1. Can you compute the label reach from Glu52? Point 7 Å from Cα along the Cβ direction, backbone N cut-off under 19 Å, restricted to segment 85-112.
2. Top mean-square fluctuation among Phe103, Phe42, Phe175, Gaussian network model of the chain, C-alpha springs under 10 Å?
3. Cross-link partners among lysines for Lys159, C-alpha distance below 23 Å, same-chain residues fewer than 8 apart left out?
4. Could you give the size of the charge dipole of the chain about its Cα centre, using +1 on the Cβ of each K and R and -1 on the Cβ of each D and E, expressed in debye and rounded to the nearest 20?
5. Would you mind computing, in nm to one decimal, how far apart the modelled labels at Gln163 and Leu67 are, each placed 7 Å from Cα along Cα→Cβ?
6. List the extent of the Cα atoms of the chain along each of their three principal axes, largest first, rounded to whole Å.
7. May I ask you to list, by number, the DSSP H helices of the chain whose Cα span along the axis is at least 24 Å and whose average Kyte-Doolittle hydropathy reaches 0.0 or more?
8. Working out 0.36 nm times the residue gap between Tyr176 and Glu79, then minus their Cα-Cα distance, what length gain in nm do you get to one decimal?
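The values are calculated or read from the model by the stated rules, or taken from the named source; none is laboratory data. On a predicted model such as this, the values are computed, not experimentally measured, just so you know. Every residue, glycine as well, gets a Cβ built from its backbone with ideal geometry; the counts of neighbours run over all protein chains shown. Surface areas here come from the heavy atoms of the whole protein model, side chains and all, with no ligands, DNA or RNA. Shrake-Rupley method; radii C 1.70, N 1.55, O 1.52, S 1.80 Å.
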Amino acid sequence: MKPQVVLNPPGDRVLLHSCCAPCSGAVLECLLSNGIRPRVFFSNANITPTDEYLKRRDELARYCDSLGVEWVEDAYDHELWLREVAAGRENAPERGARCLECFRFRLRRAALYAASEGFDTLTTTLASSRWKSLDQVDAAGESAVAGTGVLWWPQDWRKGGLQPRRSEIIREQGFYNQLWCGCEYSKNQ
């Protein structure tokens, strides 16, 4: 059964940063059922190796295309991510300093894209994963939109039945469902 969640975004044009199709399934369904047609922004330079990145991107593209939702891909530069996010934080635990910096990196890129394309609102599917700290996601989002004119939408995409619906959509769609966030550090923890 599809959850009936009423959404109140802070603006009219929503950019949805997406980490993967499994985390996007219930979020997109919920947005669309509320009459909100976002553009999806795939910005995930943290994912390695390249084959893994491509699997996740292609799975998201397949789902967005099936819904008639526009999606775009950010430049993939894992070496830049290693320098700006991971350097000095290689041994940080999951939900630690590396994760916070990773969220800031990806959401800042999304916020800059949103501003350049006339979107007034940014949210992320990172807030749908039970493995992520919502406090970190929201702190990164607030930091990312600073000075851009874009509003951060700190929506908890786990509430209102969306978490069980996420699992149903994964099964219904036969999504490739990875068990780690994508970086080489999370895979080893």
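1. Label zone hits: 85-107.
2. Judging by the Gaussian network model, the answer is Phe175.
3. Lys2, Lys132
4. Magnitude of the dipole: close to 460 debye.
5. Modelled inter-label distance: 2.0 nm.
6. 43, 38, 26
7. Working: long enough: 50-67 (26 Å, -1.29); 97-116 (28 Å, 0.14).
Membrane-span-like by this criterion, though nothing is claimed about a membrane: 97-116.
8. Working: separation 97, 0.36 × 97 = 34.92 nm, distance 2.49 nm.
Taking 0.36 nm per residue and subtracting the Cα distance, the gain is 32.4 nm.
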